Amino acid sequence: MTNPKEAAHKATGHTQRGQCSKRLSILDAAAEVFCREGFAGASIDEIAVEACVSRQTIYNHYREKETLFTAVVEDVMNRTNASLFSILATFPGTPGNLEDDLTAFAVRLTKNCLCNQDGKILRKLVQSEGERYPQLFEGWRKHGPGRIGTALAALFARLSHGGALQMDDFDLAARQFLALVNADLQMLMLFGESPTAEQLDNAARNAVHTFLRAYCAPAANPATRLPMRADSDPRRTGQA
């Protein structure tokens, strides 16, 4: 015979799992509709159809469209941050070949955090709605980009204290590294294209090479200084 308490517990568990499943369906559908239609153009009715739930179910969970939009941003940001910190754990603390190790790290960062589906969603929402509705991105501004900069600055500080890099402002160096890593990919991502593996590798190598020319610690032997890349040397391209 089934214990009444056990039956109630199972029923509660099924209900909670069902509620969680509905929330996920609503958030996924809302992200798709907001990206496609924008905040002003998106309707709760359309999101309900996409999520296969009723209009009232959405209002029961999120009260209004603004609350739902901020929940979408927070949900995507949380997944992005989780991926980000797993990638930061692979940062080369004691690199054997600093340029190669930082390049591999940069490829992992762009591939898994900037160019993946969540990165595309956040970029689309910020680009299309950030100027008109800045209040909807307050949580993202506090807990999104700032966290990666702070974490990366601490990692560069460790390399600098170990003698591999020479820098005074670790936060500035972190921002510059991220800007360089994005430099060759911005136009592709602006038009929603997905970079190829070769493009990711080239962008990372260009970024790291430039970064290290600014911050690599002076070598005791001048022969160990980083050479100029062939494609950036004017003499290699026939220029005087």
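Each value in this text was obtained by applying a stated rule to the coordinates, not by laboratory testing. Here the structure is a predicted model, which is why all the values come from computation and not from measurement. Don't worry about glycine lacking a Cβ; one is built from the backbone with ideal geometry, like all the others, and counts go over all protein chains shown.
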Task: Cα-based shape type of the range 51-116, given that a ≥ b ≥ c are square roots of the gyration tensor eigenvalues and the cut on a/c is 1.5 - done: prolate
Task: Net charge over other residues, Cβ less than 15 angstrom from the Cβ of S194 (K, R count +1; D, E count -1) - done: -1
Task: Proximal charge balance of S128 [Cβ under 11 Å; K/R count +1, D/E count -1] - done: +1
Task: Largest-first principal axis extents of the Cα set of the range 90-192 (Å) - done: 45, 25, 19
TODO: Count charges around L152 for me, please; just the other residues with Cβ under 10 Å from its Cβ, Lys/Arg as +1, Asp/Glu as -1.
DONE: +1
TODO: Subtracting the Cα-Cα distance from 0.36 nm times the residue separation, let me have the gained length for T90 to R175 in nm, one decimal.
DONE: 28.7 nm
